[in-house]
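S.K.: The structure is given below, and queries will be raised subsequently.
The values are calculated or read from the model by the stated rules, or taken from the named source; none is laboratory data. Quantities reported herein were computed from a predicted structural model and do not represent experimental measurements. For neighbour counting, all protein chains shown are included, and Cβ atoms are generated from backbone atoms with ideal geometry for every residue, glycine included.
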Amino acid sequence: MFSRYRSIIILILCLLTTCTGPLPSFPTAIGPTVTPNPHAVPSATPFGPPANTPINPATFPAVTGTTADVPISTLIPAPVPVPSLYTFNAVLDYTAHSMAVDESILYKNDTGESLTELVMDVEPNLWADCFSLGRLAVNGQAASGLKLISDRLEVPLTLALVPGGILNLSLHFDLRLPETDIHHIFGYNELQTNLVDWYPFIVPYSGGWLLHPPAEVGEHLVYDTASFDVTLALADPILPVTLAASAPAETAGGIWHYHLQNARTFVFSASNTYQRVATIANGVTVTGYYFVEDESQAKIVMDEVAKALITFGSLYGAYPYPSLSIVESPFYDGMEYDGLFFLSRDYYKIYDGTVLNYMIDIAVHETAHQWWFGSVGNDQALEPWLDEALATYSEKLFYEKNYPDVNSWWTFRVDAYTPTGWVDTDIYHAGNFRTYANAVYLRGAQFLEALRGRMGDETFFIFLKDYAAQMEGKRASSEDFFRILRTHTNEDLSGIIAAYFQQPH
């Protein structure tokens, strides 16, 4: 196996020797000028409660000083990442609600600037007594001067990382998972353990590090794409635990091994009560993980998601991942991640046998996020409409393509809330949950419908597919959206844009 990767390792070592350079003045990080509530939690789709109250508020301890080295994973990395490769060796103690993790990050500086530090998001540190950093090293040398406050970990670099340079960052950390409630996914409940945003990751850099604080509504994290190599074992290997994850598993001897390329997150969910149902759509394995009393609903969700994959594949381009996992959860709504989404158990319970209902509609919404969030990323804090409006409008397109006789989607999903507000509202000026959802999700869907009406179906759908193709694997901005849009139409869109957006485009 070593010979297979010898040339890659030599290349990395050569590049590491070119990482030195003059120390530049470090640019000021960009971000909102408001001071939001750091204990707020994300809102998912606009059917949740008007406010969320977090549990176990974090104490946000500061960590400083020198750490010892941690051995790099014994697994030889797969191909050199573009731009990063995250490798994990983790042991999950399902019964004790804890996990020990060795993490290695192969990071390439594609920012175009020399970097004198790295900034990482450590989302578990938002929970009291959850995250414990053991050791951290840069290129095998123990790091010093670390600062961990809230979810921000600053890692000073002894030598500046020049543009195109590569470094390896390795660390060990332990998680003591919080007991969660219906408003949270991360942690454990009586039915499952959910590991989402569970590891430190290097946040994107664009003139400054893109790490925004949490707000009362919406998601605040911004992700670049990376490749993931995850090895997971159970502390008790005979415990009958089923894992749902962002990618298919290779299993051997009670160990799960996962590979996922060009993704923004890697998540998994574990339970000793999961049942499974699966199908294949467009070559993609769709697996529903459900609790035993909800088998019939799980099969329906699986079938409708399979239809959504086919529909969105034809509209937006190929599905970006090898599989899709649907995980039933006591969480109050739906929440998307790469190759996996959570769907509220309440939706399974209130399913009424009709086509137009929350269980199917929100499952379709989260499926659309595999394109609008996963394949095409965006700044979820400052420009949430770029994924949420498109995912919401995708619901309408799903029903239009698969159930043309269902003509009440607008009434069910949008008109019932009489939405107002600006589509380009950020999460820091959105007010409460309902006003945020009305502006970003629902007015966003109205904007796309108006745009389609002005452009005509053929041009509109050619634009959407082109936008998805051009921004695949990237972080899109509003400027990207309207720049690509204007290459597809000469129609005067100024009136439509002015009606929905507070900032001109």
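S.K.: With respect to Gly112, is the statement that it is surrounded by fewer than 20 Cβ atoms within 10 Å (Cβ to Cβ), not in a strand (DSSP E or B) and not basic (Lys, Arg) true? Can you show your working first?
M.R.: On the way: surrounded by fewer than 20 Cβ atoms within 10 Å (Cβ to Cβ): yes; not in a strand (DSSP E or B): yes; not basic (Lys, Arg): yes.
It is true that Gly112 is surrounded by fewer than 20 Cβ atoms within 10 Å (Cβ to Cβ), not in a strand (DSSP E or B) and not basic (Lys, Arg).
S.K.: Can you run down the residue pairs with Cβ atoms below 8 Å, 6 or more apart or on separate chains, where the first is in the stretch 342-360 and within 14 Å of Phe398 (Cα to Cα) and in contact (Cβ under 8 Å) with a residue 40 or more places away in the chain and the partner is of a type in the set (Asp, Glu) and part of a helix (DSSP H, G or I)?
M.R.: Ile360/Glu304
S.K.: Report yes if Asp424 is within 20 Å of His212 (Cβ to Cβ), among the charged types (D, E, K, R) and either at pLDDT 95 or above or not in a helix (DSSP H, G or I) (or both), otherwise no. Steps first, please.
M.R.: Working: within 20 Å of His212 (Cβ to Cβ): yes; among the charged types (D, E, K, R): yes; either at pLDDT 95 or above or not in a helix (DSSP H, G or I) (or both): yes.
Yes; evaluated as a whole, the condition is true for this residue.
S.K.: Any residue at all in the stretch 226-248 that is in contact with a Lys or Arg (Cβ under 9 Å, 6 or more places away or on another chain), crowded, with 16+ Cβ neighbours inside 10 Å and either closer than 26 Å to Tyr436 by Cα or free of Cβ contacts under 8 Å to residues at least 40 places away in the same chain (or both)?
M.R.: In the first step, residues of the stretch 226-248 are kept if they are in contact with a Lys or Arg (Cβ under 9 Å, 6 or more places away or on another chain); the result is 226, 242, 244.
From what is left, the residues that are crowded, with 16+ Cβ neighbours inside 10 Å are 226, 244.
When the remaining residues are screened for being either closer than 26 Å to Tyr436 by Cα or free of Cβ contacts under 8 Å to residues at least 40 places away in the same chain (or both), the result is none.
No, every residue in the stretch 226-248 fails to be in contact with a Lys or Arg (Cβ under 9 Å, 6 or more places away or on another chain), crowded, with 16+ Cβ neighbours inside 10 Å and either closer than 26 Å to Tyr436 by Cα or free of Cβ contacts under 8 Å to residues at least 40 places away in the same chain (or both).
S.K.: Sticking with this structure for a sec: So Gly288 passes all but one of these: (1) surrounded by 16 or more Cβ atoms within 10 Å (Cβ to Cβ); (2) under 21 Å from Gly374 (Cβ atoms); (3) under 18 Å from the mean Cα position of the chain (by Cα); (4) of a type outside the set (Asp, Glu). Which condition number does it fail?
M.R.: (3)
S.K.: For the stretch 131-147, give me the residue count where each residue is in a loop (DSSP other than H, G, I, E, B), among the small types (Gly, Ala, Ser) and surrounded by 15 or more Cβ atoms within 10 Å (Cβ to Cβ).
M.R.: Step one: list which residues in the stretch 131-147 are in a loop (DSSP other than H, G, I, E, B), which gives 139-140, 143-146.
Subset that is among the small types (Gly, Ala, Ser): 140, 143-145.
Those still in the list that are surrounded by 15 or more Cβ atoms within 10 Å (Cβ to Cβ) too: 143.
Within the stretch 131-147, residues that are in a loop (DSSP other than H, G, I, E, B), among the small types (Gly, Ala, Ser) and surrounded by 15 or more Cβ atoms within 10 Å (Cβ to Cβ) number 1.
Residues checked against (1) closer than 18 Å to Ala244 by Cα; (2) at pLDDT below 95; (3) among the small types (Gly, Ala, Ser); (4) not in a loop (DSSP other than H, G, I, E, B):
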position	(1), (2), (3), (4)
Glu154	no, no, no, yes
Leu157	no, no, no, yes
Leu167	no, no, no, yes
Leu175	no, no, no, yes
Asp181	no, yes, no, no
Asp197	yes, no, no, no
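S.K.: Still on this structure, please answer the following. Any residue in the stretch 188-205 that is surrounded by 18 or more Cβ atoms within 10 Å (Cβ to Cβ) and touching a helix residue (DSSP H, G or I) at 6+ places or on another chain (Cβ under 7 Å)?
M.R.: Checked the stretch 188-205: at least one residue is surrounded by 18 or more Cβ atoms within 10 Å (Cβ to Cβ) and touching a helix residue (DSSP H, G or I) at 6+ places or on another chain (Cβ under 7 Å).
S.K.: Where residues in the stretch 344-356 are part of a loop (DSSP other than H, G, I, E, B) and either among the basic types (Lys, Arg) or out of contact with any helix residue (DSSP H, G or I) (no Cβ under 8 Å at 6 or more places or on another chain) (or both), which of them is nearest to Asp480 (Cα to Cα)?
M.R.: First pass over the stretch 344-356, keeping only residues part of a loop (DSSP other than H, G, I, E, B): 350-356.
Applying the additional criterion that residues be either among the basic types (Lys, Arg) or out of contact with any helix residue (DSSP H, G or I) (no Cβ under 8 Å at 6 or more places or on another chain) (or both) yields 352-354.
Details: Asp352: 41, Gly353: 41, Thr354: 38 Å.
Looking at the filtered set, the residue picked out is Thr354.
S.K.: Another question, if that's okay. Inside the stretch 475-496, can you point out the residues that are aromatic (Phe, Trp, Tyr) and assigned to a strand (DSSP E or B)? Walk me through it before giving the result.
M.R.: Within the stretch 475-496, the first condition is being aromatic (Phe, Trp, Tyr), and the residues that meet it are 481-482.
Listed by number, the list is empty, since nothing qualifies.
S.K.: State the number of residues belonging to the stretch 468-481 that are in contact with a His (Cβ under 9 Å, 6 or more places away or on another chain) and buried (at least 16 other Cβ atoms within 10 Å of the Cβ). Before the answer, list the steps.
M.R.: Let us first name the residues in the stretch 468-481 that are in contact with a His (Cβ under 9 Å, 6 or more places away or on another chain), namely 478-479, 481.
This time we only want the ones that are buried (at least 16 other Cβ atoms within 10 Å of the Cβ), so: 478, 481.
Count: 2.
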